[in-house]
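The values are calculated or read from the model by the stated rules, or taken from the named source; none is laboratory data. Bear in mind the structure is a predicted one, so any value in this text is a computation, not a measurement. Cβ placement follows ideal geometry from the backbone for every residue including glycine, while neighbour counts extend to all protein chains displayed. These area figures cover heavy atoms from the full protein model, side chains too; ligands, DNA and RNA do not enter into them. Shrake-Rupley method; radii C 1.70, N 1.55, O 1.52, S 1.80 Å.
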Amino acid sequence: GDNGGFLHISESNVGVGTIEPTKKLQVAGDISASGDFINNGATIHSVKTFGAGDTTPSVANGTIFKTNNNLVGNTTITGFDDGTAGQIIHVLFTDSNTDFTNGTNLVLFRGLDYTTGVTNDIISFLCVDGTAWKELNRQDNS
């Protein structure tokens, strides 16, 4: 019959709307949440802001970040802290004072430093192992 209103807890699985869940959490139907969705440590659909002057900003629990360098002179990002293997991040420029430099933990397209980003540009990265990041793309939206 229809089990849409029932919660079933077995020895190791929880089912909502299903009597025999085969996954740790199995939901029969739509899911709604008022908070962030956490997937392997990365928060989905939450925009976070880098601290001004931070050359290795934390990307914990995030996928979308904004630069925030309103300091005199440029801040050069050399890597990211608190990454998770497989994490993809997108960085939206909200200033023209943030640069990215190619190196061991931040491998940029063709090994070229990125010093021309301006407001509304986007650069994206893939985390290989929690420390090393590879550039996915650059987008000029200026």
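Taking the criterion of being open to solvent by 40 Å² or more (accessible area, probe 1.4 Å), part of a loop (DSSP other than H, G, I, E, B) and within 17 Å of Ser142 (Cα to Cα), the residues of region 69-109 that qualify are Thr94, Ser96, Asn97. Selection of region 56-68 for residues being open to solvent by 30 Å² or more (accessible area, probe 1.4 Å) and touching a strand residue (DSSP E or B) at 6+ places or on another chain (Cβ under 6 Å) yields Thr56, Ser58, Asn61, Ile64, Lys66, Asn68.
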